[in-house]
Structure formats: C-alpha cells, structure tokens
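The values are calculated or read from the model by the stated rules, or taken from the named source; none is laboratory data. Bear in mind the structure is a predicted one, so any value in this text is a computation, not a measurement. All Cβ positions, glycine included, derive from the backbone under ideal geometry; neighbour counts span all protein chains shown.
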Amino acid sequence: FGLGSKPPGAILAFAIIREDIFFGTLWLAFEKPHKVSEDDLSFLKTLAGNAGMAAANSRLYLNAELGRQRLSGILASTPDPVLVTDHRGNILEINPAASMALGIKVEDAEQYLIDDVIEDPKLIRLLKSTDNMDETAEITLADNKNYLATRSIIRVEGQQVGYVCILRDVTYFKQLDGIKTEFVSTVSHDLRRPLTLMKGYATMLELVGDLNDQQNQYVKKIITGVEGMTVLVSDLLDLGRIEAEVGLRLDNVPVHDVIRRVIQEMRPLADQKQITITMEPSTGTIPLLEADKTLLHQAFKNLLDNAIKYTDRSGSIWVRYYVSNERIIVEFEDTGVGISPVDQKRLFEKFYKSTSLDSRRERGTGLGLAIVKSIADRHGGSVWVDSQLGKGSTFY
C-alpha cells in the first residue's frame, strides 16, 4: 500500500522468534475487512515459526562461515606448518606453510592419510598416538628442516574429535645448539688431563709427609671438587656424543636384563642410605626392545641414580615395566622430596637444577636427566615425570 492509497481493511502481524531471539515481523494485510479462521491463524503461526527457524539457521551458518574464514585467515598467516587430523588419521586441513613443508596442495589435503604424505616415523607416531595428553617430538621433514612438533587434542563438548599439530621451525636453534655442544665437548675433553693430574697430585700429598688436620681437610676438599668436575666433564662428553647422533648400535634387547643389571650396580649406593629398591616385573610378556643397549643402560642408571639421590634415608624405590598402547613403559617411582610443577616444566633441560630443593641436599651436574631425554629422543621414545612436592616422584 503506497502513500495516498486506501488503508488496508485488516492487518495481521506475527513475531519471527527463535529461542527468544527476535528476527523480525511477518505482516499480512487485507484490502477489505477480514475475519481470520483458526486454521488460517494456525497456518500463519507455523509459517512465522518456520521463518524464525530459517533465520536462526541462516545466522548460524553465517557465524560458522565467518568463523571458518577467520580461522583460515589465521592459519594462512601463521608461518609455522599446521596440520589438523581426525582420530582415524585422515588429514582434514593444512595451512600454506604445511603445504610447502609436506609438498601437497592445501585444497587437496583432505584426500590424504598421514602415512601418504609424512615420512618421518616420529611425526607419524606422534599423530597416531592414542594417549589422552598433549605430546611433543623433534622431527625432520623432506625440506631438511628441524621442527618441534606439538600435538594437541581437539575436543567438542567433551568429546575427542581430532588433533591439531603445530610444527615450529627450530633449525637455527639446533644449529646454535650444535655449535655450543661442539665447543663444550672440546673444552671438556681438554679438561680431562689436567683434572686427572690435579687429583693425582692431591692424592699424593700425604705421601710427601704428614699432614695436619687442617691440611687434610683442604686436600679432601680439593679431591671432592676435582671428582665433581670429572663427573661434569664425563656427562658433557656423553651428552655431546649422544646429541652428535653417532649411529646407534641397535639390537633386540631384553629390558628386564638391563634393569636388573642397573639395580645391581646401584644397590650399594642405595644401601648407604638404607633405601630399598624393589623390581616389579610385568605379569604379561614383554617383547624385545630394538635399542642401543649401552645407551639404554645409561638412561636407566641415570634415572635410578636420580631417585636414590633425592630420596631420604630409609626410603623406597620401585622399578616397574609393562606394555601399554604397544609401547614398553618403564617406571622409576620413589618416596623422595618430589618436584614442584614449575620445576617439572624445565626438568629435562641441560644444566637445570630444581629451585625447590633444600640447599643442603646433594645436587647433581644438571645433565643426568638431559642425557636421559636425549637417549629417549634418539630411540623415538619419550620421558616424562609425575610428581608432587613432599610425595615423591615417578619417572617414565
């Protein structure tokens, strides 16, 4: 009805509402006075309801589309490769950076499975892992770059629906770390001879003549200091050899034999503090582990030494091993002082020492757990800790 025209004889108005959201009004005008039947009213109300549903769905679609475009824009502008997969191993989406790293087109990503485009076994294992926790791994892709891969679980309304994996380029930092490791290794190697001479001469001082009590104390402090430096140098050289990625001497290793040998070696140290070590073997069959036996022995020894070091007198340590999700898990549980959440985040970094420990307690070189992590990484495995201050720790 335009301006100057005869006004309508009857008007009906129905609010277009969906879930208490007002979208507009449905107007119906009659040229002449009109009596609306119940059937017509029912039909018009249904029509208004359907219009509200359509408007709500349209808004949901627009919001979803805007969200998708916003997410695509964020992914496209992210310099780090990003992969989104479902729980079956299908690739759902990748960003341009991942497209370049993997050599596939963004628009073709949904046609591929993880095994089709990824060659690095550690990344495949990471993306296929069924553990309900975030995981990380250092990997190398076809572009010969080093990446730190972080896989997080995608949950919708509490249900696990897939994974998102971000690959951070750490090539430059790996190169810097390699230079630093080479330098430290060279210096450590050059320190071995003078340290040996210092300890030898300090030990021989008492052969030259009688020493008084104060002189004996000085000599003991010199020897203790030199021995501590020798352990540090030895750890540095071990870590350098592991990080240099000298070829692994892989063999089919019975895990229980390695654990038993490590416990036998470390038991005298535990006996000095009256600490009991209990080995709890798995009730099931443990397959042979393809590993470097020497490095595996060193990793277990470092973990047990760490447990003994930070467990009080008359404490207890349990060593367990079993199979879970097709992986061999080895646990070292102790009744020691425990580790704060802040320290747990950096526990496996080189030279890191806990800030929460009693200053009077024996401290290590800060390399033992870093060596364990390097050995685990070399074998495609992982190491982590579960601990509370004052309630002991369990290393896996």
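Look through Leu289, Leu304 and report the one residue that is in contact with a strand residue (DSSP E or B) (Cβ under 9 Å, 6 or more places away or on another chain), more than 26 Å from Arg125 (Cα to Cα) and crowded, with 18+ Cβ neighbours inside 10 Å.
The unique qualifying residue is Leu304.
Could you list all residues from the range 294-322 that are charged (D, E, K, R) and over 25 Å from the mean Cα position of the chain (by Cα)?
Lys309, Asp312, Arg313
Say whether the condition of being out of contact with any helix residue (DSSP H, G or I) (no Cβ under 9 Å at 6 or more places or on another chain), of a type in the set (Lys, Arg) and assigned to a strand (DSSP E or B) is met by at least one residue in the range 358-378.
no
Would you mind stating whether Ile275 is more than 31 Å from the chain's Cα centre (by Cα), modelled with pLDDT of 90 or more and among the β-branched types (Val, Ile, Thr)?
So Ile275 passes the test.
Let me confirm something: among Thr136, Thr150, Thr130, which residue is β-branched (Val, Ile, Thr), surrounded by fewer than 16 Cβ atoms within 10 Å (Cβ to Cβ) and in a strand (DSSP E or B)?
Answer to the selection: Thr136.
Results for (1) surrounded by fewer than 15 Cβ atoms within 10 Å (Cβ to Cβ); (2) outside the structural domain of Asn132 (by TED's automatic domain parsing), shown as yes or no for each residue.
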position	(1), (2)
Leu44	no, yes
His87	yes, no
Leu92	no, no
Asn95	no, no
Ala98	no, no
Gly103	yes, no
Ala109	no, no
Val117	no, no
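Which residues, counting only those in the range 153-175, are surrounded by 12 or more Cβ atoms within 10 Å (Cβ to Cβ) and of a type in the set (Gly, Ala, Ser)?
Correct list: Gly162 only.
Just one of the numbered conditions (1) of a type outside the set (Asp, Glu); (2) free of Cβ contacts under 8 Å to residues at least 60 places away in the same chain; (3) crowded, with 16+ Cβ neighbours inside 10 Å is not true of Leu83; which one?
(2)
Quick one: how many residues across the range 16-35 are among the aromatic types (Phe, Trp, Tyr) and more than 10 Å from Gly52 (Cα to Cα)?
2
For Glu19, state whether it is more than 30 Å from Ser99 (Cβ to Cβ) and either in contact with a strand residue (DSSP E or B) (Cβ under 6 Å, 6 or more places away or on another chain) or not aromatic (Phe, Trp, Tyr) (or both).
Yes.
Name the residue, out of Val106, Val82, that is more than 28 Å from Ser324 (Cα to Cα), at pLDDT below 80, touching a helix residue (DSSP H, G or I) at 6+ places or on another chain (Cβ under 6 Å) and not acidic (Asp, Glu).
Within the list Val106, Val82, the selection yields Val106.
Only residues that are in contact (Cβ under 8 Å) with a residue 40 or more places away in the chain, closer than 24 Å to Leu126 by Cβ and not acidic (Asp, Glu): list them for the range 307-331, please.
Tyr321, Tyr322, Val323, Asn325, Arg327, Ile328, Ile329, Val330
So which residues in the range 320-335 are part of a strand (DSSP E or B) and among the charged types (D, E, K, R), if there are any at all?
Arg320, Arg327, Glu331, Glu333, Asp334
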